[in-house]
Structure formats: structure tokens, C-alpha cells
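Below: one structure, written as C-alpha cells.
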Amino acid sequence: MFNAINEDDEDSIKAIVSEMRGDTQLTEKVKAGLSVEHAEYMEDRNERMAEERKQKSADKQAKIKKAAKAFAEKQKQTA
């Protein structure tokens with residue numbers, strides 16, 4: 001994890017986080033081994049990822065609403 005964070009290697013970080021998911025003991029060991037800077041990096045990363053997911057979801061919802069509105073308008077015109 002140290003190397004992945006130091007190199008800002010998002011693919012490696014994702015792979016490590018994926019391996020840790022569901023394994024509480026491994027997660028605790030990895031977190032315990034992180035320096036303060038590395039732990040802060042991961043906290044910032046987690047916040048950034050959460051914001052990106054929220055934005056992606058909002059964009060998807062806006063697209064769905066736009067498509068539904070267009071469909072409803074089309075239905076009104078053909079009725």
C-alpha cells in the first residue's frame with residue numbers, strides 16, 4: 001500500500017482495497033501500518049471517490065429525467 005500511495009497508483013490502490021474488502025483483520029493490519037500521511041491520503045481519496053460517485057449518480061438521474069420528459073412529450077404528440 002505504501003508504494004501504491006507514494007506512486008499515486010490508483011489501479012494498485014483499487015486492487016488492494018478490493019482485496020481488503022470483507023477481510024476485517026487484513027484491513028486493520030493495513031490501516032495500522034500506514035503512516036499519518038498515508039492515512040490522510042486514503043481519507044482524502046475516499047472523500048474524493050464518494051463525491052465522484054455522487055456526481056455520477058446525479059448526472060445519471062438528470063439524464064434519465066431528460067429522457068423521460070422527452071418520451072412523455074413524444075407520447076403527448078402522438079396521442
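Among the residues of the range 21-79, the ones that are surrounded by 10 or more Cβ atoms within 10 Å (Cβ to Cβ), among the hydroxyl-bearing types (Ser, Thr, Tyr) and not in a loop (DSSP other than H, G, I, E, B) come to 3 in all.
For residues that are acidic (Asp, Glu) and within 16 Å of Ile13 (Cβ to Cβ), scanning just the range 34-72, find the one that is nearest to the chain's Cα centre (by Cα). Residue satisfying both the conditions and the ranking: Glu52. Residues that are under 15 Å from the mean Cα position of the chain (by Cα) and of a type in the set (Asp, Glu) were ranked within the range 10-20; the one that is surrounded by the fewest Cβ atoms within 10 Å (Cβ to Cβ) is Asp11.
Read-outs throughout are calculated quantities, based only on the coordinates presented, and are distinct from any laboratory measurement. Remember, it's a predicted structure, so these values are computed and weren't measured experimentally. Please note: Cβ atoms are built from the backbone with ideal geometry, for glycine as well, and neighbour counts cover all protein chains shown.
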